[in-house]
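What follows draws every value from the coordinates through simple rules; no lab data is involved. Source: prediction; values computed, not measured. Note that we place each Cβ from the backbone using ideal geometry, even for glycine, and neighbour counts take in every protein chain shown.
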Amino acid sequence: MGKFIREKRGFTIKLAGKAAATIKEPEMPETVALKPTDFQGLYLAKALVKEGDAVKAGTPLFHDKRQEAVLFTSPVSGEVVEVKRGEKRKLLEIKVLADRQVEYEAFKKYSVSDIMAMNATEAKEQLMRSGVWTNLVQRPFGIVADPAATPKAIHISAFDTHPLAPDYNILFKGQEAHFQAGIEVLKKLTSGAVHVNVHNAHEIPGTFSQAKGVELNKFAGTHPIGCVGVQIHHIDPINKGDIVWTINPAGVIQIGKLFLNGVYDATRLIAVTGSEVKNPQYYKTVTGASVKRMLENNLHSDHVRVISGNVLTGENIGREGHLGFFDHQLTVLPEGDHHEFLGWIKPAGDRKPSFSRAIGLLNFLSPNKEYKVDTNTHGEPRAFVQSGVFEKVTPMDILPTHLLKSILAQDIDEMEALGIYEVIEEDLALCEFVDVSKHNVQEIIREGIELIRES
Amino acid sequence: MEFLRKSLDKAKHNFEKGGKLEKYYYAFEALETFLFAPNTTTGKKGAQIRDAVDLKRLMMTVIIAMVPCLLFGMWNVGHQHFLALGQAASFADKFWIGLLKTVPIIVVSYGVGLGIEFVFAILRKHPVNEGYLVTGMLIPLIMPADIPLWQVAVATAFAVIIGKEAFGGTGMNVVNIALTARAFLYFAYPTDISGEVWTYIPDKTAVVAGYSGATPLAVAASAIETKANVVSQFNQFGATWGAEGIYSFSSLFLGTQPGCIGETSTLMCLIGAFILVVTGVGSWRIIAGVFGGAYVMGLVLNLIPGGNAFMQMPAYYHLVIGGLAFGAVFMATDPVTATQTETGKWFYGILIGVLTVLIRVFNPAYPEGIMLAILLMNVFAPLIDYFVVSANKKRRLQRATV
C-alpha cells in the first residue's frame, strides 16, 4: 500500500499559454543535439564521434571520463554536424543532422518472461550501452546514477505541477506495456521499492494506475508537490549515506521500449507553451530536438525568450536552440528588458503574479487569472531581509534560509545538518521566484552540492 | 517619463566604469532605480520569471502602515499642547501645530540617515539599501514632539553608523536601528527624553493651573509610592486642570495621551498591524506574541498577593499605555532583528511582552519597558533561532537512526 500525503504549503503560478490537448506531428527536426551540460556530476565529458561521422539512434556520442561504461547516445540517426566546445575545450553540445527515417542500433530484444528472468548485471549492461541509463538521476545531488550503487528505492513522480506543465495523461497515454516492462527492469536495480507518485486530484493515467509491483503513493497539494525531491522527503527521506534514484516516466517507458523492441527510441511528446506561442499544443518529436520548426510562424512577437523546460527551472536556449535531455516542455515568454517608471511602487493590481500581498499587489484576489509574465527581475539583489516566506513555499521540514546561508558561508557540516542531501535545484525553485531579495537560489544550491561532493 | 528616461540614459555613462563620476555610481543607481524599476532580466538557467515584489515595495508597505499613527500623532501633538495651555482649539489648529513640530523631525531624520546611507554606499561600493526608508519614519514617531532637532540628528547618525553600517548595512544589523537612536538619546540626554517632556509647551508660556504632564506610565509608577488604586488615579487624572477623562481606558486606547509622536494610539497601531498582517509583511506571530505575553504577565502579577499598586493594575491596561502597541507592531516585527524562524517568532514575541511588563512594574526609574525589552530580545533572537534550528537538525538525525 502506498502512502497518502497532503500538503498546504506551496504556490501555483498560473500562466497564459497552456497547451491545448492536440498533438501535432511535424516532420523530423533538422538537427538534434545532446548536451553534456544537461547532466549534473560529470567529471569530464569526452566526445566519441567527430564531425562528419554517421550515427544511428543509439550510437554513443560521448561519455564521462570517470564512468566510461555509461554511454550518452544519439537520439536519431544522421550525420554529426557539430561538436561544440567552450572554454578549455569543454564539450558543450554534439549536434546531429537528422535523417528523415530513423535507423536504429540493434540491441538485444526481450520478451516479458525474459525480462522477469534477467538478472541485474545483464539489465545494467544493456541500459548503459544503449544510453537509456542516463535517465536515472541519483539523489543526493541530482547526478547521473552510479551503476555500482544499489539505491534504497527508486522514485517516479507521475505528475508535473510546474507552471504550464504538460499533462501526463496526454504524454504517456497508452504506454502501459512499455511502462510495466520498464518497472520490471527497475525493480532489479534497487534493494527497496519502486515508488510511483500520483496526484490525488488529477485523473490518474492508466499507465500508472495499472502498474503492478510498485508502491502507488498519492499526493494532494500545489506546486512543488510534483517535484520528486519533495515526494521522497515525505515517503522515505534521504539521510546521510543513503542513495535513491529518480526517473521520469518517459525514462521508464524508454527502458521498456529498449527491452521489448531492442531499440533506443527517443521519440517523445512535448508541450509547447507560453503566452507568446500562437498555437500552444503538444508536439511529437525527439529528445534534444531543435525547436526552430516548432516556433516558425508560431510566435506573437519577436522579442521573446525561448525556454527549454518550465519557467522555474528551465534554460534560455534561444529560438534556434535544442531541447534539454530531461525536458518535456518548451515555454516562450516575452523578454522583460524594459524600465518601468516608478515600477517599485506603481500598483501592479493583478497584472503581475506575486506570492506577496504587499501594497499594490492584488493578484491574491483573482486566484484563477492566467498571467502573461515577462522575464524582468522586478528589483535588484539585496541582503536577506524578509523571513518566513521560503518556508511557505517549501513543503518539507527544511529551513531554506538557513540552508542557503550555510552554503554562502561554505559551512559543510552545517549544510549537511540542514538537509542539503534532500534537495536539488528544482525543489527550491519557488524560493527563487518569491525571493524579495532576488537571490539566485538554485545557483546557490548547486554551489553547495558541488562543495559537498568535492569535500 | 520619456524625457526623464532619456536624460538618465544620457547621464549614465558618466557614472559607469571609466566615466568621470564613476565614484558616485551607486548614488546615481539609487536615484535611477527609484525613478524606474531596472531593466534587468533573469539568468540563463533557473527561474525565468520573478515575483513582482521587491524590497522597495515591501518597505513602502510598512511606511503606509505607519501613516495612521503619523497622522493621529500630529493631531495629538496639537491636542496635548492646547490642553496643557488650557485653550480651546479647532481640529485644524491642533493639526497645524503638530505638523509644525513633526515635519522638521521627519526631515532631519531622513536627511541625516539617507545622507549617511549614500556616503557609505559610495565609499563601500554597494547599492543604497531600502531599509532606511522605514527607519527614517520610525525615528520621528518615537521622539517627543519637543525634542531639539540637533539631538535627532546626532541620534540618527549614531544609530545608522554604529547600529547598522558598522555591521555591514541593511540586513546585517543586530539591533533595531530606530530603537538604537532612541536608546542613545535616553542614555546620552536623559533629561530631554524622560520625565514630563512629552507635551509641546513653548518657552515662557503659562500652562493651565494644576497642569501635570505625567504620562500614564508615570502615574502608574507613582501609585506604587502612594499605594493608590491605579485605575482610579487614571480616572481622576486631569480633573484638576480641565482635562477630565484624559486617562480613561477609552482615551488611552484612542491615544489622546501625552507620549512620543506616533506611539500613543493603540487603535492606530492596530490599524497598522492590520495592514502589515493582511499584506503578509509583518509577522502576526510576533504581534500576537507581544500582546499576549504582556497580557498574561499582567495577569500573573495581578495574582501575586500583596503586590504593589502597579502590580494590581488590570492586565489589559498594559496593552494601551505607553508604547507597547507601537513597539509590538512596528519595532518587534523588524524582520532583520527579529527571529528568522516561524517557531522562534512566538518565543521572541511572547518574551518581549513579558519583559516589557516586568521592566515597567519593577523598574520604575524607567517606566517604559518596551524599548529595552525589544533591544534585549534583538540580542537574544539568534539564540532562539539557534534552538529552533538545532531542533530541525535533531529531527533529521533521529530519522537517520530509526
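Taking the simple approach of a point 7 Å from Cα along Cα-to-Cβ for both A:N169 and A:I452, what is their distance in nm?
The modelled label-to-label distance comes out at 3.7 nm.
What FRET efficiency do you get for A:K109 and A:S209 if R0 is 22 Å and r is their Cβ-Cβ distance, rounded to the nearest 0.05?
FRET efficiency, A:K109 to A:S209: 0.20.
Kindly state, to the nearest 0.05, the FRET efficiency for B:K394 paired with A:K218, given R0 = 30 Å and r defined as their beta-carbon distance.
It comes to 0.50.
Loop-only check: which chymotrypsin sites (Phe, Trp or Tyr not before Pro) in the stretch A:1-90 are DSSP coil with at most 11 other Cβ within 10 angstrom?
Within the stretch A:1-90, the qualifying chymotrypsin sites (Phe, Trp or Tyr not before Pro) (loop, at most 11 other Cβ atoms within 10 Å) are A:Y43.
Under a point-charge model restricted to the Cβ atoms of Lys and Arg (+1) and Asp and Glu (-1), what is the dipole moment magnitude of the protein assembly as shown relative to its Cα centre, in debye to the nearest 20?
480
Subtracting the Cα-Cα distance from 0.36 nm times the residue separation, let me have the gained length for A:E27 to A:D411 in nm, one decimal.
133.1 nm
What is the average number of partner chain Cβ atoms found within 10 Å of a Cβ in B:55-68?
Going residue by residue through B:55-68 and averaging, the value is 5.
May I ask you to derive the relative contact order of the stretch A:373-434, considering only C-alpha pairs under 8 Å and at least 6 residues apart, and to give it as an integer percent?
34
In square nanometres, what is one fourth of the surface area of the convex hull spanned by the alpha carbons of chain A?
Computing the convex hull of the Cα atoms and averaging its projections yields 21.1 nm².
Find, among the trypsin sites (Lys or Arg not before Pro) in the stretch B:1-89, those assigned to loop by DSSP (not H, G, I, E, B) with at most 10 other beta-carbon atoms within 10 angstrom.
B:K17, B:K20
Could you list, in their original order, any pairs among B:K23/B:K125; A:K35/A:K90; A:K124/A:K284; B:K101/B:K164; A:K392/A:K438 whose Cα atoms are separated by more than 20 Å?
A:K124/A:K284; B:K101/B:K164
Could you run the Karplus curve 6.51 cos²θ - 1.76 cosθ + 1.60 with θ = phi - 60° over the stretch A:447-455 and give me ³J(HN,Hα) per residue in whole Hz, x for Gly and Pro?
Computed from phi, the couplings for the stretch A:447-455 are 4, x, 5, 4, 4, 5, 5, 6, 6 Hz.
If I take every Cα pair under 8 Å that is 6 or more residues apart in chain B, average their sequence separation and divide by the length, what percent do I get for the relative contact order?
The value is 15 percent.
Given B:I162, B:M172, B:V197, which one lies farthest toward the positive end of the charge dipole of the stretch B:55-199, if we put +1 on the Cβ of every Lys and Arg and -1 on the Cβ of every Asp and Glu?
Toward the positive end, the furthest listed residue is B:M172.
Simple spin-label model, 7 Å along Cα-to-Cβ: B:H126 to B:F187 in nm?
Going by the 7 Å Cα→Cβ label model, 2.4 nm.
Order the peptides A:308-315, B:27-34, A:78-85 from the highest to the lowest mean number of other Cβ atoms within 10 Å of their residues.
Per-residue Cβ counts within 10 Å, averaged per peptide and sorted highest first, yield A:308-315, B:27-34, A:78-85.
Let me know the shape class of the stretch A:227-283, please: from the alpha-carbon gyration tensor, a ≥ b ≥ c as square roots of the eigenvalues, rounded when a/c is under 1.5, otherwise prolate if a/b is greater than b/c, or oblate.
Here the stretch A:227-283 falls in the oblate category.
Expressed as a whole number of Å, what is the distance separating the alpha-carbon centroids of the stretch B:106-124 and the stretch B:333-350?
Using only Cα atoms, the two centres lie 28 Å from each other.
Relative contact order for chain A: what percent, with Cα pairs under 8 Å and sequence separation of 6 or more?
19
Can you work out the FRET efficiency for the pair A:S301 and A:E370, with r the C-beta to C-beta distance and R0 = 25 Å, to the nearest 0.05?
For R0 = 25 Å, the calculated efficiency reads 0.90.
Among the listed pairs A:K369/B:K56; A:K3/A:K109; A:K88/A:K152; A:K3/B:K394, give every one whose C-alpha distance is greater than 29 Å.
A:K3/A:K109; A:K88/A:K152
Between the stretch A:67-145 and the stretch A:367-440, how far is it from one alpha carbon centroid to the other, in angstrom?
Spelled out, the Cα-based centre of one part sits 33 Å from the other.
For the stretch A:197-246 and the stretch B:220-239, write down the distance between their C-alpha centroids in whole Å.
66
Once you average over the residues of B:27-40, how many Cβ atoms of partner chains fall within 10 Å of each Cβ?
Per residue, the average neighbour count from other chains is 5.
By its C-alpha gyration tensor, with a ≥ b ≥ c as the square roots of the eigenvalues, how is the stretch B:246-323 shaped: rounded for a/c under 1.5, else prolate for a/b larger than b/c, else oblate?
Taking the square roots of the gyration eigenvalues as a ≥ b ≥ c, the stretch B:246-323 is oblate.
Once you place label points 7 Å from the Cα toward the Cβ at B:W96 and A:D397, how far apart are they in nm?
Going from the B:W96 label point to the A:D397 one covers 6.6 nm.
Using alpha carbons only, how many degrees (0 to 90, rounded to 10) separate the axis of helix B:91-124 from the longest principal axis of chain B?
Computed tilt is about 40 degrees.
Write out the trypsin sites (Lys or Arg not before Pro) in the stretch B:76-148 meeting two conditions: DSSP loop, and at most 14 other Cβ atoms within 10 Å of their Cβ.
Listed in order of number, the matching sites are B:K125.
Ignore the peptide's own chain and count Cβ atoms of other chains within 10 Å of each Cβ in B:386-394; give me the average, rounded.
For this peptide, the per-residue mean of nearby foreign Cβ atoms is 3.
Sorted by packing (mean other beta-carbon atoms within 10 Å per residue), highest first, where do A:48-54, B:177-183, B:277-283, B:163-169 land?
B:177-183, B:277-283, B:163-169, A:48-54
Using only the Cα atoms of chain B, build the gyration tensor, take square roots of its eigenvalues as a ≥ b ≥ c, and label the shape rounded, prolate or oblate: rounded if a/c is under 1.5, else prolate if a/b is larger than b/c, else oblate.
Judged from the Cα gyration tensor, chain B comes out oblate (a/c at least 1.5, b/c at or above a/b).
Within the stretch A:322-361, name every residue whose backbone N is under 18 Å away from a label modeled 7 Å from Cα of B:K12 along the Cβ vector.
What the label zone holds, given the 18 Å backbone N cut-off, is A:335-344.
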